[in-house]
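Worksheet for the structure shown next.
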Amino acid sequence: MPRNPRIDEPDLVYHVIARGIERREIFKSNSDRDFFMAKLGKLALETGTQLYAYTLMPNHFHLLLRRRSTPTATFMQRMLTAYAIYFNKKYGRAGHLFQNRYRSFLCREDMYFLELIRYIHLNPLRGGIIKSLDDLSKYPYSSHKVIMGARGSNWYDPALILAHFGSQKEYLDFVAAGIDLNSDDIAAIKSSLTAQSDKEWNMLSNSSSMQPPSTGISLDALIEETCAAHAISMQELLGNSRKRKVANARALLAYRMSSQLGLTGSEIGRNLAVTRSAASKMIIKGVGLHAGDARDKGMKTEDGLSAS
């Protein structure tokens with residue numbers, strides 16, 4: 001089956017994953033990781049590629065990057081080729097080091113962006129490489145350590161992430177909240193992230209614009225539906241109530257404003273009278289609530305408690 005062509009345009013944000021062939025280790029020592037990091041930084045500076053997040057695992061790595069003038073395909077080809085040559089020469093092996101081509105997922109910065117940051121940074125903890133959040137802040141092969149104040153480099157700017165939060169503490173609290181997610185929650189989030197990426201690919205494949213196709217629903221209609229579904233008034237929904245029911249309704253509204261209307265975090269913030277950072281957090285919370293609702297409905301259907 002022929003491979004689908006990649007969409008590779010300036011200023012798009014990509015979540016990139018590359019795994020070792022047959023899931024074998026691609027990093028056997030810290031010197032391997034150091035070589036990889038040095039090459040990554042050099043290429044980022046040479047190409048102007050902007051790194052938002054990175055994490056190295058024993059048999060794969062994650063990058064969240066913004067493509068500039070140099071195509072992501074070129075950036076990754078240079079990165080993977082240079083590392084494979086280094087690794088094969090060092091360990092006296094031949095052949096492919098990486099499993100097929102790398103995987104890339106589109107991500108709009110205002111949509112699912114923060115959840116991706118958290119997902120990437122928690123990989124070492126969920127993978128058992130480190131044991132605690134404190135250890136994660138010391139793990140040298142993840143951008144989390146730099147965001148938490150460790151000495152960085154001239155090719156990674158933690159301010160790109162902290163700009164989405166009111167403070168470093170808010171960022172850490174957000175990451176910490178992800179530790180308590182169970183396997184079903186994580187699977188639902190991964191499924192949502194992949195589904196959203198597929199939507200972005202389809203939109204770009206069929207149009208030169210990032211704007212999603214019209215869903216035939218207006219913002220006013222979304223607000224009315226949300227109020228009816230949660231049995232709250234419009235004043236409560238658009239006010240500053242801290243009741244859990246209202247907060248959840250606002251998060252789901254923010255998610256639908258993003259996914260169905262294609263509004264950015266800034267636009268959602270203006271409509272809900274919150275900051276862009278707060279709007280981003282609401283979208284992420286809404287993703288989780290939406291995924292949980294979908295999972296609950298599926299469980300009810302499987303148990304025969306509801307009909308499809």
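Every number here is computed from the coordinates shown, using simple stated rules; none is lab data. Since this is a predicted model, take the numbers as computed values, not measurements. Backbone-built Cβ (ideal geometry, glycine too); neighbour counts: all protein chains shown.
Ser266 versus Leu289, label points 7 Å from Cα toward the beta carbon: distance in nm? Output for this residue pair reads 2.6 nm. What does the net charge come to around His144 if you take all other residues with beta carbon closer than 11 Å to its beta carbon, with K and R at +1 and D and E at -1? With Lys, Arg at +1 and Asp, Glu at -1, the net is +2. Over the C-alpha trace of segment 223-281, radius of gyration and Dmax come out as 10.5, 27 angstrom. Given axes a ≥ b ≥ c from the Cα gyration tensor, I'd like to know whether segment 63-163 is rounded (a/c under 1.5), prolate (a/b larger than b/c) or oblate. The shape class here is oblate. Size of segment 1-143: Rg and Dmax of its alpha carbons, in Å, are 15.0, 46. Given a cut-off of 31 Å, name the pairs among Lys42/Lys285; Lys138/Lys243; Lys42/Lys138; Lys145/Lys245 whose C-alpha atoms lie farther apart than that in the structure shown. Check vs 31 Å cut-off fails for Lys42/Lys285; Lys138/Lys243; Lys145/Lys245.
Stokes-Einstein diffusion for segment 38-118 at 10 °C, viscosity 1.306 mPa s, with a Kirkwood radius from C-alpha pairs, works out to 113 µm²/s.
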